[in-house]
Amino acid sequence: MARTQAADYDDRREAIVEIAARLYGETGFLGSSIADLARASGISKSLLYHYFSSKEDILFEIMIGHVEALRAAADDVSGLPDSADRLKALTHGFMKLYANASDRHKVLINDLGKLPIERRSAIIEAERRLLDIVDKIIAERASTLRENKGKRRALTMLYFGMINWTHTWFDPTGPINGDELADMVVDLFLKGLPN
């Protein structure tokens, strides 16, 4: 007989993903066992398997959930008519997600290669859609780059390079907050270095 789902099934599943993100962020996917995750979650290994059929499923859930949240942030600003305003709002949205999901972001960056090719491809495709959104904003801002996709893509990658690694050094309780950092990124990206 199949086991019935508890009323809080989705909440418990999400709690496991959150704990796994923290654990994998600290020790890496390969450095964390199912036993470690069950212990950190305060449940048995068999109960953990009630929520996920494999450690790999949890890894995929961490990554796809993070990329989908980034995509939702992009969708939230898509209606803004001015491309500079869109880039600013998008950068603020990304920085909020990076600050509040640094473990998930670390796992995405460090452990993508641990997924089998079909699941890795799904994550890469979702990331590519994010790149395309920023690429489109750049094309709108810099008319001379509309026909130069290679240069546009390089600028898109530079943009993500400015924000993707903030989880390694940014302290939200430090001298600048996430909103100030997002403004600095946008200003640097759109206007260059201040005089």
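Solvent-accessible surface (1.4 Å probe) assigned to Leu47 amounts to roughly 40 Å². Using the 1.4 Å probe convention, the accessible area of the chain works out to 55 Å² per residue with neighbouring protein chains retained.
Tell me the angle of helix 83-100 to the major Cα principal axis of the chain, expressed in degrees between 0 and 90 and rounded to the nearest ten. Value to nearest ten degrees: 30.
The length gained on full extension between Lys96 and Ile117, counted as 0.36 nm times the residue separation minus their Cα-Cα distance, comes to 4.6 nm. Full extension of the chain between Asp82 and Asp8 yields a length gain of 22.4 nm, computed as 0.36 nm times the residue separation minus the alpha carbon distance. Loop-resident trypsin sites (Lys or Arg not before Pro) (DSSP state other than H, G, I, E or B) in the range 85-166 with no more than 16 further Cβ atoms inside 10 Å of their Cβ: Arg146.
Summed over qualifying helices (DSSP H, 4 residues or more, each -39500 (n - 2.57)) and divided by its residue number, the chain shows a 222 nm mean residue ellipticity of -23500 deg cm²/dmol.
Taking Cβ atoms as reference points and 11 Å as the exclusive limit, the residues near His167 contribute a net charge of 0, counting Lys and Arg as +1 and Asp and Glu as -1. Shown are Glu147, Glu56, Glu14, whose ranking by accessible area with a 1.4 Å probe and every protein chain present, most to least, is Glu147, Glu14, Glu56. Considering only the other residues whose Cβ falls under 13 Å of the Cβ of Arg152, what net charge follows from Lys and Arg at +1 and Asp and Glu at -1? For residues surrounding Arg152, the net value is +2.
With axes computed from alpha carbons, what is the tilt in degrees of helix 55-77 against the longest principal axis of the chain, rounded to the nearest 10 within 0 to 90? Tilt relative to the chain: about 30 degrees. Surface composition of the range 64-104: carbon and sulfur make up 50 percent of the accessible area, probe 1.4 Å. Sequence-distant contacts, meaning Cα pairs under 8 Å at least 6 residues apart, place the relative contact order of the range 1-147 at 28 percent. Computed with a 1.4 Å probe on the full set of protein chains, the accessible area for Thr173 sits at about 120 Å². Give me the base-10 log of I(q)/I(0) for the range 45-131 at each q in 0.11, 0.21 Å⁻¹, Debye formula, one uniform scatterer per Cα, rounded to two decimals. The Cα Debye sum returns log10 ratios of -0.37, -1.00.
A simple charge model with +1 on the Cβ of Lys and Arg, -1 on the Cβ of Asp and Glu and nothing else charged puts the dipole of the range 77-195 at about 460 debye relative to its Cα centre.
Which of the three applies to the chain, rounded, prolate or oblate, going by the alpha-carbon gyration tensor with a ≥ b ≥ c and a/c under 1.5 meaning rounded? Taking the square roots of the gyration eigenvalues as a ≥ b ≥ c, the chain is prolate. Across the range 90-195, the convex hull enclosing all Cα atoms gives 110 Å³ per residue.
The values are calculated or read from the model by the stated rules, or taken from the named source; none is laboratory data. None of the values given here were measured: they were computed from a predicted structure. So basically every Cβ, Gly included, is an ideal-geometry build from the backbone, and we count neighbours across all protein chains shown. Just the protein is used for accessible areas: all its heavy atoms, side chains included, with ligands, DNA and RNA removed. Shrake-Rupley method; radii C 1.70, N 1.55, O 1.52, S 1.80 Å.
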